[in-house]
Amino acid sequence: MCHPAWRQAQIAAQHLLDLARLRRVRDRIGRQYTQPLDVEALAREAGMAPGRLSRQFRDAYGQSPYAYVMTLRVEQAMALLRHGEAGVGEVCRAVGCPSAAAFTTRFTELAGMEPGLYRSRAALGTAGLPWHARAAVPVSSRNEEAPASTARLA
């Protein structure tokens, strides 16, 4: 029979290992967000089952791996639309979105307006853009881990 203190230490060590694995997955997604998302390959590299990876990723970062990659794509698209000459279709492809419809839907959810309107308002200056579009440092929940009370990495 295992001693309770030893078992708790073992659980804590596994929790830290899982967090490190999730951080590596998050970092890889961050480096490769323009590429198609392959949760199975990410899970295999992390030594986890795909479902477990998705659940733990959501618990740790507040969104699924797919939602996280779409958030990264939209954030980059916002920057391209604010500072570039590219049209919405070009930006969609540049950030790796395979579907213009999915891109437009997620962009609208996060930015509060469709990409074309966002681009038009950006061309006029920052008036009328969401507050996070004007911030010197982008504000995003993607870099914040869920509060410890909600993390369930067991």
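The values are calculated or read from the model by the stated rules, or taken from the named source; none is laboratory data. What you see is a predicted model; the values in this text were computed from it and never measured. With ideal geometry, Cβ positions are generated from the backbone for all residues, glycine too; neighbour counts draw on all protein chains shown.
See the values below:
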| item | result |
| --- | --- |
| Lone unmet requirement of (1) in a helix (DSSP H, G or I); (2) modelled with pLDDT under 95 for ALA86 | (1) |
| Residue among ALA100, ALA151 that alone is modelled with pLDDT under 80 and not assigned by TED's automatic domain parsing to the domain that holds VAL25 | ALA151 |
| Subset of segment 22-67 (residues that are touching a residue at least 12 places away in the same chain (Cβ under 8 Å), farther than 21 Å from ALA94 by Cβ and not in a helix (DSSP H, G or I)) | GLY47, MET48, GLY62, GLN63 |
